[in-house]
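Structure, as C-alpha cells:
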Amino acid sequence: MHTRRTLIALAALAAFATATPALAQEKSIVVSSTTSTQDSGLFGHILPMFKAKTGIDVKVVSQGTGQALDTGRRGDADVVFVHAKSQEEKFVADGFGVKRSPVMYNDFVLIGPKNDPAGAKGKDIVAGLKAIKDKSAPFISRGDRSGTHSAELALWKTAGIDIAKDKGAWYKEIGQGMGAALNTASASNSYVLTDRGTWLSFKNRGDLDIVVEGDNKLFNQYGVILVSPEKHKHVKKEFGQAFIDWLISAEGQKAITDYKINGQQLFFANATAPGA
Amino acid sequence: MPGDASALQLVLSADPALMGIVWLSLGVSLAAVGLATIVGLPIGALLALTRFPGRNACIVVLNALMGLPPVVVGLAVYLLLSRSGPLGSWGLLFTPKAMVIAQAILVTPIIAALARQTLEDLWVEYRDELAAMNVGPVGRISTLIWDARFSLVTALLAGFGRAAAEVGAVIIVGGNIDGFTRTMTTAIALETSKGDLPLAIGLGIVLIAIVVAVNALAWGVRRTGERFAG
C-alpha cells in the first residue's frame, strides 16, 4: 500500500531528525544564566577556553535571573550563574543549591536621551532617579523579575521613591529582556537602567547615551551555584563543579578580565574578594 | 555567529554556525510535520468518513486548535518535560527532541483539520462507488488518502509553514542554546534583542527564502507526480 509506505518514510524521517543530536550530548552541562552574560559575548569568549581544557560542553540557557534560578530550582540546569545576591542566598538556603561562589562584577549604567529632558546627567544615581520622577520623564522598566529589574527596584527604594505607588504613565514595565527594553527605550527616547556589557554590545542605540555611571551603588555582583544533587539526582555534579572551579581559578578569572569590547573591560573578576 | 558580519556575507560564505542553524530549523520542522502527519492524517480521515454524535463539536474544536498559541504549547510541554514534571526522567528539556514534540502538537490540528476538509469533499464524490464495490473502512480511508495525496500536500505545507515560522514554543522548550537548539526564529529573536536589527532582518529574509524553496520543491514534486499519475 502506497500510503503506508509514505507514512513509514515520514516516520523514518522523524526518527532520524530527532535521533541525530543525541550524539553530541555526552560530556556536557546545562548552565542557566542571564541575558547579560550571553548577549555581552562573555560566554562566547570564555567557554571555548574551558572546553579546550576539560572537553566539557557548556550549554547556556539565558534567561532573567528570576527565571534562571527557577530553572535551577526545577532541576532543569546543572549550574546557575546569575546576579542577584539575596535571591542566590535564598536559593542555597532553601536547599536548591550547594554553595554560592562570587565570580565577578560589572556595573549598571543609566541610559537616556542625549538631550537629557530630566537633567539627570552628571548626578549620582539617587539624584538622577529623583530628577526623572520629578519631571515624569519616560522610563522603561524590565518588569520581569530579572536581576536588573531587582536592582532597579532597589535603587528606586534607595532614592526614597515608592515606585509601585508613585509610578505614572511615564513609567512603563514591558516584562521583557534587556535587549527588548533597550529597543523600546531607543524607539521612545526613554530612560532605562542596563548593565554596561549589554549596552556596549547593543547596536540599535538611536539617540540614547549613558547618563549616569560610576556610582558604587551601581555595582552588580555575579555568583555561581551548583544545583543540589541531593534535590535532583541527575545533576552532573563533577562536570558542574569543574566549571565552577575553573571560573573561580586564576585561569578562569584571567579569562573574564581579558574580555573586552572596543578595548573596554566589561567584567571585573573578584572571586577572592571578601563579602562579594 | 560573528557579530559584525551581515546576513548576506554569512550566507555567501556558508558560515558553519549559520548552516547549523538552518539545518536544525529544517530538521526540527520537518520531523514535527512527519509526526503530525502520522497522528493528524488518520484523525482527519476518521472525522471525514464517520458519523457519530458530537462529530460537529469535534470538527469545531479541531478547527479552533489550528490557532493554538505557540507560547502556551511551549509552556505546557516545558512543564511536562521539566525534571520536576511528569516526564522529567526522559531528560528531554532543552534538546531538539523537545522542540519537535512542541511543534508536532502545534502542527497536528492543522494537518488533521485541513485533511478532514479535503477528504470529506472527495468522499462526496467517491461514496456511492466505494459502497457499491463493498470496500471496508480501512480500504476507503487509504483509497481516499491516496487519491487526495496531491491536495494533501497543501495541508502538510501549511503545517510546515507554521512550524518553521514559530518562535514561542521552541524558545521555551529548546532554550535557544548556541550550536544545539538555536533555530532561525530564535536566532532572529536573539539578534533583535541585541539590537542588531540589520542582521535580524537579514536572517528573516534567509528564513523566508528557505520556506519558499521548500514550497517550490513540494510544488515541483506535485506537478511531476500528477503528470505521471495521469
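The values are calculated or read from the model by the stated rules, or taken from the named source; none is laboratory data. Quick caveat, the model's predicted, so the values are computed rather than measured. Ideal geometry is used to build each Cβ from the backbone, glycine not excepted, and the neighbour counts take in all protein chains shown. Keep in mind that these areas ignore ligands, DNA and RNA; they rest on the heavy atoms of the full protein, side chains included. Shrake-Rupley method; radii C 1.70, N 1.55, O 1.52, S 1.80 Å.
How far is helix A:2-19 tilted, in degrees, relative to the longest principal axis of the Cα atoms in chain A, given as a value from 0 to 90 rounded to the nearest 10? Long axis of A:2-19 versus the principal axis of chain A: about 60 degrees. By accessible area, using a 1.4 Å probe on protein heavy atoms only, chain A has 54% of its surface on carbon and sulfur.
Take the Cα radius of gyration of the range B:1-83 and divide it by 2.2 N^0.38 Å, N being the number of residues; the result is 1.67.
The Rg/Rh ratio of the range B:79-151, with Rg taken over Cα atoms and Rh as the Kirkwood radius over Cα pairs, comes to 1.26.
Scan the range A:136-183 for chymotrypsin sites (Phe, Trp or Tyr not before Pro) in coil per DSSP, keeping those whose Cβ has at most 14 other Cβ atoms within 10 Å, and list them by number. Here no chymotrypsin sites (Phe, Trp or Tyr not before Pro) fit, given the DSSP loop and packing criteria. In chain A, the DSSP-assigned H stretches of four residues or longer account for a calculated mean residue ellipticity at 222 nm of -12500 deg cm²/dmol, using -39500 (n - 2.57) per stretch and the full residue count as denominator.
Helices in chain B, meaning DSSP H runs of at least 4 residues, each add -39500 (n - 2.57). Divided by all residues, the mean residue ellipticity at 222 nm is -26000 deg cm²/dmol. Looking at the range A:168-260, the GluC sites (Glu not before Pro) that sit in a DSSP loop and have at most 15 other Cβ atoms within 10 Å of their own Cβ are A:E213, A:E230. Helix B:16-49 axis versus longest C-alpha principal axis of chain B: approximately 20°, rounded to the nearest ten. With the convex hull of its Cα atoms as the shape, the range B:25-184 has an orientation-averaged projected area of 10.2 nm².
Note on the range A:125-192: semi-axes of the ellipsoid equivalent to its C-alpha gyration tensor, largest first and rounded to whole Å, are 18, 14, 10.
Charge dipole of chain A (Cα centre as origin; +1 on each Lys and Arg Cβ, -1 on each Asp and Glu Cβ, all else neutral): 500 debye, rounded to the nearest 20. All alpha carbon pair distances within the range A:223-276 were sorted into 10 Å bins beginning at 0; the resulting P(r) in whole percents reads 22, 40, 28, 10, 1. Using a simple spin-label model with pseudo-atoms 7 Å out from Cα toward Cβ, A:D207 and A:A127 lie 2.5 nm apart. For the range A:232-246, 3J(HN,Hα) computed residue by residue from phi via the Karplus equation (6.51, -1.76, 1.60; θ = phi - 60°) reads 10, 4, 7, 4, 7, 5, 5, 5, x, 5, 4, 5, 4, 4, 5 Hz, glycine and proline entered as x. Within 10 Å of the Cβ of each residue in B:23-35, the mean number of Cβ atoms contributed by other protein chains is 4. Spacing of the modelled spin labels on A:A164 and B:D147, each 7 Å from Cα toward Cβ, amounts to 6.7 nm. Taking the range A:90-225, how much of its Cα-Cα pair set, in percent, is spaced more than 19 angstrom apart? I get 49 percent for the Cα pairs in the range A:90-225 exceeding 19 Å.
Count, for each residue of B:187-200, the Cβ atoms from other chains sitting within 10 Å of its Cβ, then give me the mean as a whole number.
5
With all distinct Cα pairs included, what does the Kirkwood hydrodynamic radius of the protein assembly as shown come out to in Å, to one decimal, could you say?
Computed over the protein assembly as shown, the radius equals 25.1 Å.
For the range B:35-122, the Kirkwood hydrodynamic radius from C-alpha pairs, put into Stokes-Einstein at 37 °C and a viscosity of 0.692 mPa s, yields a diffusion coefficient of 234 µm² per second. Taking a sphere under 12 Å around the Cβ of A:L193 and counting the other residues whose Cβ falls inside, with K and R at +1 and D and E at -1, yields a net charge of -2.
Net charge of the neighbourhood of B:A216, taken over other residues with C-beta under 12 Å away and scored Lys/Arg +1, Asp/Glu -1, is +2. Measure nothing fancy, just the Cα-based angle from helix A:125-135's long axis to the longest principal axis of chain A, in degrees from 0 to 90, nearest 10. Once rounded, the angle reads 70 degrees. Scaled to the globular estimate 2.2 N^0.38 Å, the Cα spread of chain A, given as radius of gyration, is 1.15.
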